[in-house]
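Structure, as structure tokens:
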Amino acid sequence: MPDTITIFDTTLRDGEQSPGCSMSVDEKLEVAKALVDLGVDVIEAGFPIASPGDFHAVQKVARAYGDRTTICGLARCRPEDIERAWGALEDAENVRLHVFLATSAIHREFKLKMAKEEILRRAVEMVKLACDKMAARPDITTPDVEFSPEDAARTELDFLAEVVERTIEAGATTVNIPDTVGYATPNHFYDVIKYLKDNVPNIERAVISTHCHNDLGLAVANSLAAVDAGARQVECTINGLGERAGNAALEEIIMALRTRQDVYGVTTNINTTKLFPTSRLVSNITGMKVQRNKAIVGQNAFAHEAGIHQHGMLQERTTYEIMRPDDVGFVGTNLVLGKHSGRHAFRDRVTSLGYQLEEQTLQAVFEDFIALADKKKDVYDADIVALVENRSHHIPEDWKLTAFHVFGGTGTIPTATLELTHEDGRRIQDASTGDGPVDAVFRCLERITELTARLQEYNVHSVSGGKDALGEVSVEIEHGGRTYHGKGVSTDVIEASARAYLQALNKATAANGAGREPHTQHGV
């Protein structure tokens, strides 16, 4: 039987550290559920000591899904970090403590100002402390503790081997070898893992893991080289999210291992048909769009325009496709339904697209579908996905858009008149001018909600094709030093813009009321 690679997903921790990608607790829970359904073996849910919000998010994820997968909390090699991380995990079923400490010469000299001996001593002490914390729970016979020597790829090999050996001796069951700054190349990283396999006497007592950043665009290649050298855990994120240029993309790792099993000879527990829906979910929640030509989950990943390619595809799909769209749950633009389609047919189509909706949400999406079908001739799978995702997330709605009217044109002053309904029943109308109709709408929304924000990003794209295509607008705003994302869909891009901006304002209002803390960046 081929070896099974442990997939360690850090979207909720390292992925969330991407600028502007901070998630609320409810959003983290939603992503965690998708990761569990995907079949991820370990979910790194956060860095509990970073803030009370991070602590509660890790705790809630652990309590909700610790019976279905392993939930991990990150901690620096400090007693207070380990105490806090264990506090978030201790009453959940399957949990892991992940402790890290930098080992490279540049980190020792400039960041930590610690000698090798002190690094070694602290790493051993903190791994033992983490093991003791877990072992105090009666049902845990073998503590699940992971140690990461931060910036391992730039650490002297003899010292790295010594740290790995001593931390395994102290109780670490997984040793993660991070390329923290994306410095490694595939040959280099292969040699690092091979050196540890050959020179650490007790290496067979732990799983070798890899955590690669993408600064040179080599995160996936380096991770696969590590697997080739003997690593049996890969740390990665959905869509490659992460600090700076991001992390190794989970979907690319998985499909490379699956498609080229002849080379790697390993398998995973991932349900690949969930890759595309999970990618869309993370993109919608974080506001980080997936580039159209992104491997595996990009909109063009299975598109063929060149004539010679199309001819080959018509004769035999495998001439130009090494994977089937169905393998990754890809949703294209197949025509499916029209305005006369019934609720039962709609429910079946939503289910076949991979969504399980509560009755109330399904009814709301069906009403959106009927309204859309009245506006455009043909409704596609991609349209339905956009409608579902617009309704299925836990998004606060202090204010709802009831009606709007815009006036603009050459030689006129663009004006927007809006009516919003507050959750307490108030209906408020107001008007505003702006540089254009969209700007006027945004200014009017701010007047009514009494919340001023700075627009940082504004993107519009069509969900499907044709002049009557459903338009999807995504915005990113800044308020109070934090960023918030919003998305709206409509055949009218001004209406979609209004809904996207209002959604972002509602998130800002909810966050201010909950007193969310700024996110602290840490990690390997």
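Which one is modelled with the lowest pLDDT, of the residues in region 370-393 that are β-branched (Val, Ile, Thr) and either within 18 Å of LYS487 (Cα to Cα) or surrounded by fewer than 19 Cβ atoms within 10 Å (Cβ to Cβ) (or both)?
VAL385
Within region 147-164, take every residue that is outside any helix (DSSP H, G or I) and either among the basic types (Lys, Arg) or in contact with a helix residue (DSSP H, G or I) (Cβ under 9 Å, 6 or more places away or on another chain) (or both) and give me the one that is surrounded by the most Cβ atoms within 10 Å (Cβ to Cβ).
PHE147
Here is a check on your reading of the model: is ASP215 surrounded by fewer than 24 Cβ atoms within 10 Å (Cβ to Cβ), under 24 Å from MET23 (Cα atoms) and either of a type in the set (Asp, Glu) or not assigned by TED's automatic domain parsing to the domain that holds VAL145 (or both)?
Here the answer is yes, as ASP215 does meet what is asked.
Answer yes or no as to whether ALA373 is within 25 Å of LEU281 (Cβ to Cβ) and in contact (Cβ under 8 Å) with a residue 60 or more places away in the chain.
Against the criterion (within 25 Å of LEU281 (Cβ to Cβ) and in contact (Cβ under 8 Å) with a residue 60 or more places away in the chain), ALA373 does not qualify.
Of the residues that make up region 219-236, is at least one within 25 Å of the chain's Cα centre (by Cα) and more than 15 Å from ILE254 (Cα to Cα)?
Going residue by residue through region 219-236, those that are within 25 Å of the chain's Cα centre (by Cα) are 219-227, 231-236.
Restricting the remaining residues to those that are more than 15 Å from ILE254 (Cα to Cα) gives none.
The answer is no; no qualifying residue exists.
Condition check ((1) assigned to a helix (DSSP H, G or I); (2) farther than 24 Å from PRO48 by Cβ; (3) assigned by TED's automatic domain parsing to the domain that holds PHE47) across all residues:
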residue: GLU125; (1), (2), (3): yes, no, yes
residue: ASP132; (1), (2), (3): yes, no, yes
residue: ASP139; (1), (2), (3): no, no, yes
residue: ARG166; (1), (2), (3): yes, yes, yes
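Filter region 250-265 down to the residues that are over 16 Å from the mean Cα position of the chain (by Cα) and buried (at least 16 other Cβ atoms within 10 Å of the Cβ), then identify the one that is nearest to ALA221 (Cα to Cα).
Step one: of region 250-265, the residues over 16 Å from the mean Cα position of the chain (by Cα) are 255-265.
Cutting the leftovers down to buried (at least 16 other Cβ atoms within 10 Å of the Cβ) gives us 255-258, 264.
Working: MET255: 13, ALA256: 10, LEU257: 11, ARG258: 15, TYR264: 13 Å.
Among those that are over 16 Å from the mean Cα position of the chain (by Cα) and buried (at least 16 other Cβ atoms within 10 Å of the Cβ), it is ALA256.
Suppose the filter is acidic (Asp, Glu), out of contact with any Ser or Thr (no Cβ under 7 Å at 6 or more places or on another chain) and free of Cβ contacts under 8 Å to residues at least 24 places away in the same chain; does ASP139 pass it?
Here the answer is yes, as ASP139 does meet what is asked.
Name, by its number, the condition in (1) assigned to a helix (DSSP H, G or I); (2) over 26 Å from LEU29 (Cα atoms) that does not hold for ARG349.
(2)
Looking at region 408-464, what strands (runs of 3 or more DSSP E) fall wholly within it and have at least 3 residues that are within 31 Å of the chain's Cα centre (by Cα), touching a residue at least 12 places away in the same chain (Cβ under 8 Å) and surrounded by fewer than 18 Cβ atoms within 10 Å (Cβ to Cβ)?
Of the strands (runs of 3 or more DSSP E) lying wholly inside region 408-464, those with at least 3 residues that are within 31 Å of the chain's Cα centre (by Cα), touching a residue at least 12 places away in the same chain (Cβ under 8 Å) and surrounded by fewer than 18 Cβ atoms within 10 Å (Cβ to Cβ) span 454-462.
Take the residues in region 288-342 that are over 30 Å from GLN456 (Cβ atoms), touching a helix residue (DSSP H, G or I) at 6+ places or on another chain (Cβ under 8 Å) and at pLDDT 85 or above; name whichever of them is surrounded by the most Cβ atoms within 10 Å (Cβ to Cβ).
If we take residues in region 288-342 being over 30 Å from GLN456 (Cβ atoms), touching a helix residue (DSSP H, G or I) at 6+ places or on another chain (Cβ under 8 Å) and at pLDDT 85 or above, then VAL328 is surrounded by the most Cβ atoms within 10 Å (Cβ to Cβ).
Which residues, taken from region 129-144, are surrounded by 18 or more Cβ atoms within 10 Å (Cβ to Cβ) and more than 18 Å from ASP91 (Cβ to Cβ)?
LEU129, CYS131 - these are the residues of region 129-144 that are surrounded by 18 or more Cβ atoms within 10 Å (Cβ to Cβ) and more than 18 Å from ASP91 (Cβ to Cβ).
Does region 376-384 contain any residue that is out of contact with any Asp or Glu (no Cβ under 6 Å at 6 or more places or on another chain) and within 27 Å of GLU446 (Cα to Cα)?
no
Would you mind listing the helices (runs of 4 or more DSSP H) fully within region 1-92 where at least 3 residues are over 17 Å from the mean Cα position of the chain (by Cα) and in contact (Cβ under 8 Å) with a residue 40 or more places away in the chain?
79-89
For region 42-65, which residues satisfy the criterion of being out of contact with any Lys or Arg (no Cβ under 8 Å at 6 or more places or on another chain) and either β-branched (Val, Ile, Thr) or surrounded by fewer than 19 Cβ atoms within 10 Å (Cβ to Cβ) (or both)? Don't jump to the end; show me each part of the working.
Initially, region 42-65 is screened for residues out of contact with any Lys or Arg (no Cβ under 8 Å at 6 or more places or on another chain), giving 43, 50-52, 54, 56, 58-59, 62-63.
Residues satisfying the conditions are ILE43, SER51, PRO52, HIS56, VAL58, ARG63.
So which helices (runs of 4 or more DSSP H) stay within region 180-274 end to end and still have 3 or more residues that are aliphatic (A, V, I, L, M) and touching a residue at least 40 places away in the same chain (Cβ under 8 Å)?
Answer list for region 180-274: 219-229, 250-259.
The values are calculated or read from the model by the stated rules, or taken from the named source; none is laboratory data. The structure displayed is predicted, hence computed values, not measured ones. All Cβ positions, glycine included, derive from the backbone under ideal geometry; neighbour counts span all protein chains shown.
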